[in-house]
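Each remark here refers to the structure printed beneath this line.
Rule-based calculations on the coordinates, nothing more; no lab input. Keep in mind it's a predicted model, so treat the numbers as computed, not measured. Here the Cβ is made from the backbone with ideal geometry for all residues, glycine too, and neighbour counts use every protein chain on show.
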Amino acid sequence: MYAVTVTFTIAPDRMQDFLPLMLANAETSLADEPGCRQFDVCTDPDLPDQLFLYEIYDDRAAFDAHLQSDHFRSFDAQVADMIADKAVRCWAEVR
């Protein structure tokens with residue numbers, strides 16, 4: 001198992017544009033990527049410009065395939081100017 005967490009700070013007044021694109025990316029990842037097992041999109045009502053992702057992949061190769069997918073590349077290009085800050089952390093399961 002390979003977990004990825006992403007914390008976004010969205011530019012002011014852009015969350016309403018960003019969120020539908022993020023939800024579509026998550027849905028497509030789960031539907032079309034065999035190695036993507038979970039893709040949660042979370043918000044904190046007290047931090048309206050923050051968004052948190054929790055993703056589970058079979059392994060690092062499955063996550064790398066996600067990053068190279070056409071749908072992710074399209075999403076990434078569409079939202080680039082909507083993101084004020086982004087922090088990605090990758091986690092390997094300890095057995």
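Arg95 passes all but one of (1) surrounded by fewer than 16 Cβ atoms within 10 Å (Cβ to Cβ); (2) in a helix (DSSP H, G or I); which number fails?
Arg95 satisfies every listed condition except (2).
Of all residues in the range 9-40, how many are over 20 Å from Ala80 (Cβ atoms), in a helix (DSSP H, G or I) and of a type in the set (Gly, Ala, Ser)?
1
Tell me whether the range 74-91 contains one or more residues that are surrounded by fewer than 14 Cβ atoms within 10 Å (Cβ to Cβ), touching a helix residue (DSSP H, G or I) at 6+ places or on another chain (Cβ under 8 Å) and outside any loop (DSSP other than H, G, I, E, B).
Yes, the range 74-91 contains at least one residue that is surrounded by fewer than 14 Cβ atoms within 10 Å (Cβ to Cβ), touching a helix residue (DSSP H, G or I) at 6+ places or on another chain (Cβ under 8 Å) and outside any loop (DSSP other than H, G, I, E, B).
Among the residues of the range 44-84 satisfying the criterion of being in contact (Cβ under 8 Å) with a residue 24 or more places away in the chain and of a type in the set (Ser, Thr, Tyr), which is farthest from Asp17 (Cα to Cα)?
Of all residues in the range 44-84, those in contact (Cβ under 8 Å) with a residue 24 or more places away in the chain come to 48-63, 65-66, 69, 71-72, 75, 78-79, 81-84.
Subsequent filtering for residues that are of a type in the set (Ser, Thr, Tyr) retains 54, 57, 69.
On the way: Tyr54: 20, Tyr57: 27, Ser69: 22 Å.
Here the residue is Tyr57.
One residue is enough: does the range 56-65 have a residue meeting the conditions touching a His at 6+ places or on another chain (Cβ under 8 Å) and of a type in the set (Ser, Thr, Tyr)?
From the range 56-65, those touching a His at 6+ places or on another chain (Cβ under 8 Å) are 57; that's our starting set.
Filter once more, keeping what is of a type in the set (Ser, Thr, Tyr): 57.
Yes, the conditions are met somewhere in the range 56-65.
Keeping to the range 13-33, report how many residues are within 19 Å of Cys90 (Cα to Cα) and surrounded by fewer than 17 Cβ atoms within 10 Å (Cβ to Cβ).
Qualifying residue count for the region: 1.
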